[in-house]
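Shown next, in structure tokens, is the structure this report addresses.
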Amino acid sequence: MDKNSRIDTYETIYNVVLIVANQYATIEEIREVVEYGDGEEIDEDIMKNCANVTLCRRKSDKQDAILVKYNCTVNIVGINKKLDLINTVSHEAGHVALRIYQHMDQDICQCSPEPFCYLLGWAAECIYKTIKGL
């Protein structure tokens, strides 16, 4: 795995971008890219917990954004490490998909769950790519 800081941007068709920062990205680097919607600086709370999902906007063009900040540096070995990564990525992807639906002012319909599930899978893939340096 690449041990360098990464902050990747993934475009959507939903008028919001997904920005994923790996565990090596610093708060200063993140603050260069995003801010809260009211223009306030991103606070240190995103550096806590294993991962965080935050509504914000991209500084360069004021585009609405969802920031996923991954922080896990726990030295778990073997299959537990892989399972923990799967759990965290899918958990945060769930938050991303829900936030995108909220941004679109859409409800999740059990009668037609495929769009939500495709979005969830896409978000998980983006998060995983950034974390693993792919």
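Quick check on residue 66: is it assigned to a helix (DSSP H, G or I), under 23 Å from residue 134 (Cβ atoms) and out of contact with any Gly (no Cβ under 9 Å at 6 or more places or on another chain)? I'd like the intermediate steps shown before the answer.
Values: assigned to a helix (DSSP H, G or I): no; under 23 Å from residue 134 (Cβ atoms): yes; out of contact with any Gly (no Cβ under 9 Å at 6 or more places or on another chain): yes.
So residue 66 fails the test.
Kindly provide the set of residues from the range 6-29 that are among the acidic types (Asp, Glu) and not in a loop (DSSP other than H, G, I, E, B), ordered by number. Those that are among the acidic types (Asp, Glu) and not in a loop (DSSP other than H, G, I, E, B): 8, 28, 29.
Only residues that are of a type in the set (Val, Ile, Thr), under 24 Å from residue 36 (Cβ atoms) and either at pLDDT below 95 or in contact with a Ser or Thr (Cβ under 9 Å, 6 or more places away or on another chain) (or both): list them for the range 87-112, please. Of everything in the range 87-112, those that are of a type in the set (Val, Ile, Thr), under 24 Å from residue 36 (Cβ atoms) and either at pLDDT below 95 or in contact with a Ser or Thr (Cβ under 9 Å, 6 or more places away or on another chain) (or both) turn out to be 88, 100.
I need the full set of residues from the range 90-113 which are among the hydrophobic types (A, V, I, L, M, F, W, C), free of Cβ contacts under 8 Å to residues at least 60 places away in the same chain and in a helix (DSSP H, G or I), in order please. If you could, list the steps in order and put the result at the bottom.
Step one: of the range 90-113, the residues among the hydrophobic types (A, V, I, L, M, F, W, C) are 93, 96-98, 100, 104, 108-109, 111.
Adding the requirement that they be free of Cβ contacts under 8 Å to residues at least 60 places away in the same chain leaves 93, 97-98, 108-109, 111.
Correct list: 93, 97, 98.
So for the range 70-86 (the condition being within 24 Å of residue 4 (Cα to Cα), at pLDDT 95 or above, of a type in the set (Val, Ile, Thr) and in contact with a helix residue (DSSP H, G or I) (Cβ under 7 Å, 6 or more places away or on another chain)), does at least one residue qualify? Within the range 70-86 (the criterion being within 24 Å of residue 4 (Cα to Cα), at pLDDT 95 or above, of a type in the set (Val, Ile, Thr) and in contact with a helix residue (DSSP H, G or I) (Cβ under 7 Å, 6 or more places away or on another chain)), the answer is no, since none of the residues qualifies.
Set side by side, the residues 97, 65, 93, 25 differ, and just one is in contact with a Lys or Arg (Cβ under 8 Å, 6 or more places away or on another chain), under 15 Å from residue 126 (Cα atoms) and of a type in the set (Gly, Ala, Ser), which is 65.
The values are calculated or read from the model by the stated rules, or taken from the named source; none is laboratory data. Values in this document were obtained by computation on a predicted structure and should not be read as measured data. Every residue, glycine as well, gets a Cβ built from its backbone with ideal geometry; the counts of neighbours run over all protein chains shown.
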